[in-house]
Amino acid sequence: MSDTLHTHQETASIGHHAADHHVHAHHKETFITKYIFSQDHKMIAKQFLVTGIIWAIIGGLFSVLFRLQLGFPDQTFPILETFFGKWAEGGRIKPEFYYALTTMHGTVLVFFVLTAGLSGTFANLLIPLQIGARDMASPMMNMLSYWFFFAGSVVMLASLFIETGPASGGWTIYPPLSALGQASEGSKAGMDYWIAGMALFIISQLFGGLNYIATILNMRTKGMSMTRLPLTIWALLFTAILGVLSFPVLLSGVVLLLFDRHLGTSFYLSDIFIAGQALPNEGGSAILFQHLFWFLGHPEVYIIILPTMGLVSEVMSINARKPIFGYMAMVFSMFGICVLAFLVWAHHMFVTGLNPFLGSVFVLLTLLIAVPSAIKVFNWLTTLWRGNIRFTPAMLFAIGFVSLFISGGLTGIFLGNSTIDIHLHDTMFVIAHFHIVMGVSAFFGMFAGIYHWFPKMFGRYMNNTLGYIHFWVTLVGAYLIFWPMHYQGLAGMPRRYLDKSSWVSFSQFHSLDAMITVVTVLVFAIQLLFVFNFFYSIYKGRRVRSQNPWGATTLEWTTPIRPGHGNWEGEIPEVHRWAYDYGKDGRDFIPQTEPIGEKESSH
Amino acid sequence: MHTFLLVVILVLGFIITVQIARATEFVSIIQGEEKTRKQSNRINAVLLLIFLFVGLFGVYWAHHTLGDKILKLGTAASDHGIKVDKMLTYTLIATGLVFFVTQILLFWYSFRYQERENRKPYFFPHNNKLEMLWTVVPAIVLTILIAFGLVYWFQITGPAPENAATVEITGSQFKWEFRYPGKDGVLGKKNYKYIDESQDNSLGLIWDDVATHDDIVSGGPLHLVVGKPVKLVIGSKDVIHSVGLPHFRLKMDAVPGTPTTLWFTPLKTTKQMIEETGNENFVFEIACDQMCGAGHTAMRGEIIVETQEEYDQWMATQKPQYQIAVLDKQEPAADSTAAVAVASIADENK
């Protein structure tokens, strides 16, 4: 493996042999400093991406396993017992294991894939390249950010192998369930691993986020004013701000949970009689945890979706050969989302006994956040209007993103209205809503980004045909899986039910559940095809031969095809215009580095 | 064997797809990459249009096959449920309209403005009027939805009417227990430290409080009177549960240490629902809606909605928990005094 990597890099550096005056080229780089403890933002981006992909496979596999149970509750799968032993005795998934799977599926995908894997990859790759900086403000902190994430990953992964199993109280880990080992197997040691893993993860997010903010604010190249930044950078800036302000609140929440678990405090515990015993804890509030959790939890969904909004805007404008419509409106709507994201958390708590007046305030703010989202959708549609659209795999994923974002966003208007939420809260309708709007569509945005910037990352293209197959199967599959779940929710079927046969009200979806499971397996297999395409193309993909293969205006395409540490040979280019001069004055595109011409029209 | 075959098929499919994909890449190099690119551009544009039509048909088809399996609009069995259904309808109309318009535009534009040799993209960076339009219109529509929603919300969460009956419902892993206040209409005091199942006191009632003496405790089903408002006092003994009442369109969490309430008026009896749904097994179910541990799925309760006479008849057969837990166990010698005590309580309540 290491040999291939070396030769690979050597061939790669032929392109810029002349780079002797290169700022960082004199570093004597060993394998360890280059590939493991690298401080090059591009390498760290790849580390985040590869780790994210591995986590996505694990998290996705969990969903396939519990879908087997949901789709075919009467069948046994002996192979499960082979792999999971007592957790799947007789080839059937036990309830404890089922909940462990759903919990880890949620935790892994929300935090490790769609937060670290997504922001970690694209913030690291794009911020220095698109603002014109040689690296992050603090490459050291950047490296630590990855390694804390890695350490958190190891701890979380380890929890899968302990005797009592990993955390199993849902990814929201509400106490008292998560606080009391008597309440569930997963609330024993697995919960401590979860907390420790998340604590490391949060440290990683803070290192990363502060770095991204500092870099964007301070290290833009000459002429790169804030209003000339590509929307990707704006999106990543708001994402980082959200993360830095909200992750510490989750940390405080889980530390108090740790105290309740081991030090006999009563932050979240009160009046509990469990396993034949009355606990001494009094005066705590289980609801307090939910406030702390959702104070991160809600911004978290924007931490996931904002970067993809930026990626999609960029990919869409480039491939429509047209400027993004309403640049400033896009920036302000992201700003609006960023501010409102902090003021809507209690819409997850309408039925907890929350004061109805307080609830009404959250209804108002929640539905308000639909306005900037609507603006963005209409702006994307207008960007496509009268364009000259190239359907690269990245562009298809961007279009798919908008479709899914509309579908999932609109169901948010149901759930954000507390009156309807009383009925639909914690039903399959919620599952359908958030999987479409922040699960699948975030993945679509991420895929758009990967297909689009893969040539910049590895100097090769991914295979297009596989990309098209990947897109079409995933789009159709995503709708087939999640669209019908709205109906299950409208039947009142609660989420997290593994066997509905004993219920009169919820047992009518047997064949539907089986269909969803079959499609899930298929879609998962196609994702493996993507993973194959990804790794195969790193070594064997078609070579990139032109510096700017997509005809883009932004700075990352002014670097060498395989940029070294430091990105540009010689001077960092100066910027003279915004990032979206496509189709202006009859020209296909005008790079940001080109000075404004005398006769150029203004806009 | 089955699994093995499946794996083999998947792997084969995988290899074939990969080989085809590689071959197309070579073909594209021979054919000229630009030509291949334009070809696949056209194919994908057409596919996007086809996806639009198939998708729209899929929306219809999903409704056709699944529409009968949901709780249909207008079948709510409580007064609050009717409001929830109305709100659902308004929201469905507003969002449905937006859904169809935006999805059609998205895929139509993608198809219509696919790359053409002679097409010049239109340089259109912004337009204040348009942007204003789609800021203000969604804001107005949302304001209307918020207004309706909040009116209903305050009606639903407002104080229960004076004549509402009270029933306490307590969740614990993984069952529901119900307590009726008895003749005095007051739920006596309880404390979780008094819980003692061996002494038939699973709710921790404090016998020193005479108001507990006529309280009736039951493991279900919960009996309610049709047309009479009822206020549920909801609590939990261990972890958070949630009282989900799909046919009444209602839900409220059961939080240990923090009692919550929920009131509504059942409008249909169980018998009526059996007739309406044509399902002779129909029963109002209480579904735990908050993840509460390994037995979450099995945490099922039942409600019987009946007429006042039927309710009274049933109630007459119930024994107060005090009688079960304390009086029936006392020495026969003490029996007479206990009987006197019960009689005197009954007198007080008259």
Within segment B:61-78, does at least one residue satisfy the condition of being buried (at least 16 other Cβ atoms within 10 Å of the Cβ), under 30 Å from residue A:381 (Cα atoms) and not assigned by TED's automatic domain parsing to the domain that holds residue B:305?
yes
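Of the residues B:226, B:283, B:243, only one is among the aliphatic types (A, V, I, L, M) and either surrounded by fewer than 16 Cβ atoms within 10 Å (Cβ to Cβ) or within 8 Å of another protein chain (Cβ to nearest Cβ) (or both); which? Quick ask: steps written out before the conclusion?
Working: B:226 fails: either surrounded by fewer than 16 Cβ atoms within 10 Å (Cβ to Cβ) or within 8 Å of another protein chain (Cβ to nearest Cβ) (or both); B:243 fails: either surrounded by fewer than 16 Cβ atoms within 10 Å (Cβ to Cβ) or within 8 Å of another protein chain (Cβ to nearest Cβ) (or both).
Every option except B:283 fails the conditions.
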Could you name every one of the helices (runs of 4 or more DSSP H) located completely within segment A:1-86 that has at least 2 residues being modelled with pLDDT of 90 or more?
A:41-71
Only residues that are surrounded by fewer than 16 Cβ atoms within 10 Å (Cβ to Cβ) and more than 13 Å from chain B (Cβ to nearest Cβ): list them for segment A:62-91, please.
A:74, A:85, A:86, A:89, A:90
Only residues that are within 25 Å of residue A:348 (Cα to Cα), of a type outside the set (A, V, I, L, M, F, W, C) and at the interface with another protein chain (Cβ under 10 Å from one of its Cβ atoms): list them for segment A:183-200, please.
A:184, A:186, A:187
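Going by the conditions given, is residue B:257 closer than 29 Å to residue A:181 by Cα, surrounded by fewer than 18 Cβ atoms within 10 Å (Cβ to Cβ) and among the small types (Gly, Ala, Ser)? Steps first, answer last, please.
Numbers: closer than 29 Å to residue A:181 by Cα: yes; surrounded by fewer than 18 Cβ atoms within 10 Å (Cβ to Cβ): no; among the small types (Gly, Ala, Ser): yes.
Here the answer is no, as residue B:257 does not meet what is asked.
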Taking segment A:319-355 and keeping only residues that are assigned to a helix (DSSP H, G or I) and without any contact (Cβ under 8 Å) to a residue 24 or more places away in the chain, one is left with A:339, A:343
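Name the single residue that is nearest to residue A:403 (Cα to Cα) among those in segment A:495-510 being facing chain B (nearest Cβ under 7 Å) and without any contact (Cβ under 8 Å) to a residue 60 or more places away in the chain.
Step one: list which residues in segment A:495-510 are facing chain B (nearest Cβ under 7 Å), which gives A:496-499, A:502-505, A:508-509.
Next, from what is left, pick out any that are without any contact (Cβ under 8 Å) to a residue 60 or more places away in the chain: A:497, A:502-505, A:508-509.
Details: A:497: 29, A:502: 37, A:503: 35, A:504: 35, A:505: 32, A:508: 29, A:509: 26 Å.
Applying the filter and picking the extreme gives A:509.
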Here is a check on your reading of the model: is residue A:219 in contact (Cβ under 8 Å) with a residue 24 or more places away in the chain and either away from chain B (no Cβ under 14 Å) or surrounded by fewer than 20 Cβ atoms within 10 Å (Cβ to Cβ) (or both)?
yes
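Tell me the helices (runs of 4 or more DSSP H) entirely within segment A:438-494 that contain at least 3 residues that are within 23 Å of the chain's Cα centre (by Cα) and at the interface with chain B (Cβ under 9 Å from one of its Cβ atoms). Write out each step before concluding.
Numbers: elements: A:441-458, A:464-482, A:485-490.
In segment A:438-494, the matching helices (runs of 4 or more DSSP H) lie at A:464-482.
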So for segment A:287-304 (the condition being buried (at least 24 other Cβ atoms within 10 Å of the Cβ), outside any helix (DSSP H, G or I) and within 14 Å of chain B (Cβ to nearest Cβ)), does at least one residue qualify?
no
Given (1) crowded, with 18+ Cβ neighbours inside 10 Å; (2) outside any helix (DSSP H, G or I); (3) small (Gly, Ala, Ser), where does residue A:204 come up short, assuming only one miss?
(2)
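Within the group B:182, B:220, which residue is away from chain A (no Cβ under 14 Å), surrounded by 23 or more Cβ atoms within 10 Å (Cβ to Cβ), touching a strand residue (DSSP E or B) at 6+ places or on another chain (Cβ under 7 Å) and outside any strand (DSSP E or B)? Steps first, please.
Numbers: B:220 fails: surrounded by 23 or more Cβ atoms within 10 Å (Cβ to Cβ).
Going through B:182, B:220 in turn, the sole match is B:182.
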Just the residues that are buried (at least 24 other Cβ atoms within 10 Å of the Cβ), more than 8 Å from chain B (Cβ to nearest Cβ) and either within 22 Å of the chain's Cα centre (by Cα) or charged (D, E, K, R) (or both), please, taken from segment A:169-182.
A:173
Going residue by residue through segment B:91-112, is there one that turns out to be at the interface with chain A (Cβ under 7 Å from one of its Cβ atoms) and more than 22 Å from residue A:381 (Cα to Cα)?
yes
Out of the residues in segment A:378-390 that are hydrophobic (A, V, I, L, M, F, W, C) and crowded, with 24+ Cβ neighbours inside 10 Å, which is farthest from the other protein chains (Cβ to nearest Cβ)?
A:380
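The values are calculated or read from the model by the stated rules, or taken from the named source; none is laboratory data. Since this is a predicted model, take the numbers as computed values, not measurements. We place every Cβ from the backbone using ideal geometry, glycine too, and count neighbours over all the protein chains shown.
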